[in-house]
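Enquirer: Let me give you the structure first, and then I'll get to my questions.
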Amino acid sequence: MEHTTQTAPNPSEQEKQAIFARVWKRVMAGQEAACPLTWTDPVPQAETAADPAPAPADPGEGAGQPALPVACPAPQPRGDFPQAETAGVLGPGCLECAPLLQSLIRRELADGREYQTLARRASGAPARVLAALAGEKKRRARKVSAAYFLIAGVRYWPEAAPCPPMPSYLGALRRRFGQEQAAMAAYLAGAEATEDPCLRQLFWDHAQENWDQACRVRALVEQLC
């Protein structure tokens, strides 16, 4: 008997924003008013309270994920930054965020390498989606690297970590879905930790993009299940 794969429809932008809001409320407890998104259909409080916490990752699929290197200490500001303007944005006043920026750059580069590997194992439309995700990761790494340079006066662009073992194509997509949510939480935590408006906006934008990428990975999984 011929098996027919049913493709689930991609979530609408309103659904994506509603789920993003629920994740924001879990990660940023007490900071609901700071959420950068607004939507016309707010999530009911009862639904938010009943939303279960994410299940722990299956060690069978993600056990091969390598640990990211320990961040280098925050650098000292270079002398070419006008000292009279240190109250400006993306300057030496943000040096406390330098280790976080380093870890986010490494994460984006490692994620892009994994999406490139997945794209080579796929074909057709899924391969194009995965290749696009790899390109987005590299562009995001460059944005964070640019912010790091403006803050510290030194360029940080490490070699991408080796791609973790992939026991199965579907299992690797499951791992990517979880990693996108973890990256989203890291960006939201960074937005809460900084008072710099430009850096906070960068973190918010990337957190929302991480959730959009998680939705696209989920759509790929739905085509295979």
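The values are calculated or read from the model by the stated rules, or taken from the named source; none is laboratory data. As the structure is a computational prediction, the values presented were derived from the model and not from experiment. No Cβ is skipped: glycine too gets one built from the backbone with ideal geometry, and neighbour counts run over all protein chains shown. We work out accessible area using only protein heavy atoms, side chains counted, and drop any ligands, DNA or RNA first. Shrake-Rupley method; radii C 1.70, N 1.55, O 1.52, S 1.80 Å.
Enquirer: So which GluC sites (Glu not before Pro) in region 136-225 end up in coil per DSSP with only 15 or fewer other C-beta atoms within 10 Å?
Expert: Answer by residue number: GLU159, GLU195.
Enquirer: Keeping all protein chains in position, work out how much accessible area PHE149 exposes to a 1.4 Å probe, and write it in Å² to the nearest 10.
Expert: In the full protein context, PHE149 sits at about 100 Å².
Enquirer: To continue, here is another question. On a 1.4 Å probe surface of the protein chains, which of TRP211, TRP157, TRP204 comes out largest in accessible area, and what is the full order? Numbers along the way, then the final one.
Expert: Working: TRP211 20, TRP157 75, TRP204 45 Å².
Largest accessible area first, the list is TRP157, TRP204, TRP211.
Enquirer: Leaving ligands, DNA and RNA out of it, work out the accessible area of SER123 with a 1.4 Å probe and give it in Å² to the nearest 10.
Expert: For SER123, the solvent-accessible surface is approximately 90 Å².
Enquirer: Enter the accessible area of LEU95 (Å², nearest 10), with the probe set to 1.4 Å and all protein chains included.
Expert: Accessible area of LEU95: about 30 Å².
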